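Colleague: This is the structure I want to talk about, given as structure tokens.
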Amino acid sequence: MLFFLPQNGIRKIGFTATKKLGNAVKRNRAKRRLRALFREHSNTLQDGTYVFVAKIGLFDSSYEAFSNDFKKILIKAKTFKETI
């Protein structure tokens with residue numbers, strides 16, 4: 001899940017995982033996966049505040065499927081910079 005608030009000149013990022021995900025090891029692993037994918041796409045994203053919320057299905061999918069879902073979420077939120 002993604003919460004996005006566009007703001008010019010400001011880029012803030014937050015990652016969160018609830019206890020429903022599991023113990024601290026699983027929650028930290030989920031946030032690491034989200035951070036890694038965000039790093040891959042960060043240069044193509046608009047300025048603003050991003051809050052990513054890890055969900056339970058995160059561990060059931062492969063990296064490729066997770067990466068595709070991550071891209072779809074970013075596209076749906078219209079966070080990519082417009083190229084002219």
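Colleague: Could you say which residue among Asn8, Asn28, Asn43 is modelled with pLDDT of 90 or more, outside any strand (DSSP E or B) and of a type outside the set (D, E, K, R)?
Modeller: Going through Asn8, Asn28, Asn43 in turn, the sole match is Asn28.
Colleague: Restricting attention to region 70-79, does a residue exist that is open to solvent by less than 30 Å² (accessible area, probe 1.4 Å) and part of a helix (DSSP H, G or I)? Spell out how you get there, then give the answer.
Modeller: Within region 70-79, the subset open to solvent by less than 30 Å² (accessible area, probe 1.4 Å) is 70, 74, 79.
Then drop every residue that is not part of a helix (DSSP H, G or I), which leaves 70, 74.
There is at least one residue in region 70-79 that is open to solvent by less than 30 Å² (accessible area, probe 1.4 Å) and part of a helix (DSSP H, G or I).
Colleague: Separate question: Which is surrounded by 14 or more Cβ atoms within 10 Å (Cβ to Cβ), of a type in the set (Ser, Thr, Tyr), assigned to a strand (DSSP E or B) and touching a helix residue (DSSP H, G or I) at 6+ places or on another chain (Cβ under 9 Å), of Thr16, Thr49?
Modeller: Residue meeting the stated conditions: Thr16.
Colleague: So Gly22 clears everything in (1) open to solvent by less than 30 Å² (accessible area, probe 1.4 Å); (2) over 14 Å from the mean Cα position of the chain (by Cα); (3) at pLDDT 90 or above except one condition, right? Which one?
Modeller: Result: Gly22 fails condition (3) only.
The values are calculated or read from the model by the stated rules, or taken from the named source; none is laboratory data. Computed from a prediction, not measured in an experiment: that's the story for all the values here. Positions of Cβ are generated from backbone atoms using ideal geometry, with glycine treated the same way; all protein chains shown enter the neighbour counts. Remember, those area values only see protein heavy atoms, side chains included, never the ligands or the DNA or RNA. Shrake-Rupley method; radii C 1.70, N 1.55, O 1.52, S 1.80 Å.
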